[in-house]
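Just below is one structure, and these are the notes that go with it.
Here, each number is a calculation from the coordinates, and none is a lab measurement. Because the structure is a prediction, the values reported are computed rather than measured. All Cβ positions, even for glycine, are placed from backbone atoms using ideal geometry, and neighbour counts span all protein chains on display.
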Amino acid sequence: MFEESLKREEIKEGAIVRGRVIQLNKDHVVIDIGYKSEGQVPIEEFTGADGKVTVKEGDDVEVFLESRENDNGLCVLSKEKADRLKVWDEISEACERDELIEGVISQRVKGGLSVTIRGGVKAFLPGSQVDLRPVRNLDAFIGKNFKFKVIKFNKKRGNIVLSRRVLLEKERAELKDQTLEKLKEGQIIEGIVKNLTEYGAFIDLGGIDGLLHITDMSWGRVNHPSELFQVGDHVRVKVLKFNSETERVSLGLKQISDDPWKSAAERYTPGTVVKGKVVSLKDYGAFIELEQGIEGLVHVSEMSWTRRVKHPSKMVAVGDVVEAVVLDIDPSQNRISLGMKQLEPNPYESLVQKYPPGTVVRGKVRNIADFGIFVEIEEGIDGLVHISDMSWTQRVKHPSELYQKGDEVEAAVLNIDTTEGDKPKISLGIKQLIGDPWDRIPFDYPVGKVVSAKVQKVLDFGAFVELERGIEGLIHVSEISDERVEDPRSVLKPGQDVKAEIISIDQAERKIGLSMKAANRSAELAEAQGYTGSGAPGATLGDVFRNKLKGLQKQDND
């Protein structure tokens, strides 16, 4: 009785106890644990995945004693809790021995992933501990089996935190040491594309990353590394530079093959007609791939003789196969200049014969500049009318005073200059269509002639007057009156009609000097001589005296 009582005291609730299966029924397995009453466990806890019961009468089993006695006087037992406690004990022992735990990532949870380890126990794998680098798509790891390091364990709370990153870092460190020992410049090594950026690709060489810059990927044009690689690709590269102290590695792919530019000068001599594919368009031209690693540039100015190409897309598109002529090559700079217009006849070569000086042409004003207007005489061929060749007499401050874009004008060809470049300069003149009025001005307006004029502009030093359309002269302030004039504006106003005498004329400088006070003196002298109005309008004082002399001579003859 004493021994049985002692045994009963040893059987504690909340602990794992051993017992023997004494009966199997429909719902329970009855187990004798050596206590005053048997216990029972739901039969599902002893049922395998195939639906078969895994124990029989007489088998010894370990179960968890939840309660010594329930309302029916039976012990409350659990096999599942016993199994779970044993697993936790095993995990605890493994942690103490710093052993790895194997498990399957079962699902995604907040902050990371859930991992099923021994006995179906759930552990937490933080997102930061999944891989060496942050993982964007955690779902890609679900269902995969890995080994983990336990970094936090709390049996009481049922909390287990795992890390895969710690293992990877350890493996990478070991691999890195091995790689650094054998790595050297000039070596060709195989690696795996780990990451792609705008400027290059990072290649995992084995515990250490090297940078394959975009300029070292190909002898030809590469707009983005993704054109050649994808993450995970295996690639053979050459070690260009290696600094063991900073552990920086620069890699090259194109350096494994020969540079095609070394022999380019032999294949692409100036004048050679080539064919290639348009691979890139810039504001200034189009790049043509002639072969792998060899590109040439067709500048916009070399695309057409006559069309005004503002952007190369007006002539070609990426992917087009075009012909061109090699204009120049500089292998040291990896440059080839190409031309497309050179495949067509040069329309400028016949311009000198077609438009000799003096030829009258007609066209529309295409553009207006401060110094003149550009007139299109043929499609794509312009001539310049300089501001000085617009009018013989009118002072033109800006061409827009006389012309607007789209105006149709006539002009005379003055000169065609073919000495500079392919495109000659065509000089046109509008005033040359009519005679120069200054050829007759000295005869129409001799010194001493009194004329009628209209005041155009009054300034501090005098007034400009118009003698006829486009012909102006200056009445200096000292020639306005015999009396001193401080301010011409007090005497003359724009639009006022005045009488003035021509006192000077400079045909070379196209200047006429006039005097109001001289005209007044001539009129007074003529009146004093008794001559009033017998002269023709605008007659000079000399004309008056000559007419007077002729009259006296006639009286003597009579």
Taking the alpha-carbon centroid of each part, what is the distance from the stretch 337-373 to the stretch 103-152 in angstrom?
76 Å
If packing is taken as the mean number of other Cβ atoms within 10 Å per residue, what is the order of 51-57, 366-372, highest first?
366-372, 51-57
Tell me which of Leu433, Ala519, Gln353 sits at the most positive position along the dipole axis of the chain, charges placed on C-beta atoms (Lys, Arg +1; Asp, Glu -1).
Ala519
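Ranked highest first by average number of other Cβ atoms within 10 Å, how do 402-409, 82-89 line up? Mind dumping the intermediate values first?
On the way: 402-409: 13.5, 82-89: 16.9.
Ranking, from highest mean packing down: 82-89, 402-409.
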The long-range amide H neighbours of Lys449, using H built 1.01 Å from N in the peptide plane and a cut-off of under 5 Å, are Ile502
Give, rounded to the nearest 20 debye, the magnitude of the charge dipole that the stretch 217-279 has about its Cα centre when Lys and Arg contribute +1 at Cβ and Asp and Glu contribute -1 at Cβ.
240 debye
Roughly how big is the chain's charge dipole about its Cα centre, with Cβ charges of +1 (Lys, Arg) and -1 (Asp, Glu), in debye to the nearest 20?
460 debye
What's the local net charge at Glu66, with K and R +1, D and E -1, over the other residues with C-beta under 13 Å away?
+1
Which whole-number percentage describes the relative contact order of the chain, with Cα contacts under 8 Å and a sequence gap of 6 or more?
5 percent
Span from the the stretch 485-508 Cα centroid across to the the stretch 254-276 one, whole angstrom:
76 Å
Environment charge of Ile214, counting only residues whose C-beta is closer than 14 Å and scoring Lys/Arg +1, Asp/Glu -1
-1
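Calculate how many DSSP beta bridges within the chain are antiparallel, expressed in % of all such bridges and rounded to the nearest 5.
Rounded to the nearest five, the antiparallel share is 90 percent.
Would you work out the Kirkwood radius for the chain? I mean one over the mean of 1/r across all pairs of different Cα atoms, in Å.
36.7 Å
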For the charge dipole of the chain, defined by +1 on Lys and Arg C-beta atoms and -1 on Asp and Glu C-beta atoms about the Cα centroid, which residue among His224, Leu212, Gln456 has the Cα displaced farthest towards the positive pole?
Gln456
Globularity index of the stretch 356-485, i.e. its alpha-carbon radius of gyration over 2.2 N^0.38 Å
1.38
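Looking at the stretch 213-260, which GluC sites (Glu not before Pro) are DSSP coil and have at most 15 other C-beta atoms within 10 Å of their C-beta?
Glu245, Glu247
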Do the alpha carbons of any pairs in Lys86/Lys156; Lys86/Lys144; Lys86/Lys149; Lys122/Lys170 sit beyond 18 Å of each other, and which pairs?
Lys86/Lys144; Lys86/Lys149; Lys122/Lys170
